[in-house]
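Contents: one structure, followed by commentary.
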Amino acid sequence: MKPALAALALLAFASAAAAQSGNNLEIIHHPNYDKNVFMPFSPAIKVKSGKILWLAGGTALPVYHDHPHKREQVLQYLGNDLEAQIRRTMDGIMETLKAANASPKDVVHVFIFRTRPRTGDIGRSSAVVNSYFAPFNHKPATTNMAVLELGEPEQLVEIQVVAVVDN
């Protein structure tokens, strides 16, 4: 009887993991991990099928903006507010996912690059990014790091996303 219970528990876990992510993805957890610990990301996501969608690094500037950057655009969109820049960046990423017929639940990995690090920035930036995935009950694998410099002195964040979409 114990093997049947173990198989049933594994099936329930696999179903919950599949429901949390896109059809092409499987959330991977360690055996016997403590479910009471809040994790804002998944330790790993297995790609079962589909095609990889690489999004260019996004910023608070509009997705389509001039290169080299126009100073008036930089001043308009890159205010000294980390959370506001992250929201604008994530809005652009969501538009790009939609244009590719993808959704937040298809995202495998989020790379967050922050400048001018301050205590608490990791938590603040993670909370904003996670708010875009929470309605889909999805937690992509995430890397959140401080870097020395990005494209403009006013730029506080750049975010890159990798997703997996249907064939």
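Read-outs throughout are calculated quantities, based only on the coordinates presented, and are distinct from any laboratory measurement. The structure presented is a predicted model; accordingly, all values stated were derived computationally and were not measured. For neighbour counting, all protein chains shown are included, and Cβ atoms are generated from backbone atoms with ideal geometry for every residue, glycine included.
Below are the figures for this structure:
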item: Other-chain or far-sequence residues with amide H under 5 Å of residue 45's (modelled H); result: 28
item: Given 35/105; 70/105; 46/98; 70/98, the pairs whose alpha carbons are separated by over 32 Å; result: 70/105
item: Residue order, fewest to most surrounding Cβ atoms within 10 angstrom, among 149, 154; result: 149, 154
item: Formal net charge of residues neighbouring residue 138 (Cβ-Cβ distance under 11 Å; K, R +1; D, E -1); result: +1
item: Computed over the chain, Cα set: Rg, Dmax in Å; result: 18.0, 70
item: Fraction of beta bridges assigned by DSSP in the chain that are antiparallel (%, nearest 5); result: 75
item: Mean ellipticity per residue at 222 nm, deg cm²/dmol - from DSSP H runs of n ≥ 4 across the chain, formula -39500 (n - 2.57); result: -11000 deg cm²/dmol
item: Partner aspartates and glutamates for residue 51 [C-alpha distance under 12 Å; skip if fewer than 8 residues away on the same chain]; result: 106, 166
item: Share of Cα-Cα pairs in segment 98-167 lying beyond 13 Å, as whole percent; result: 67
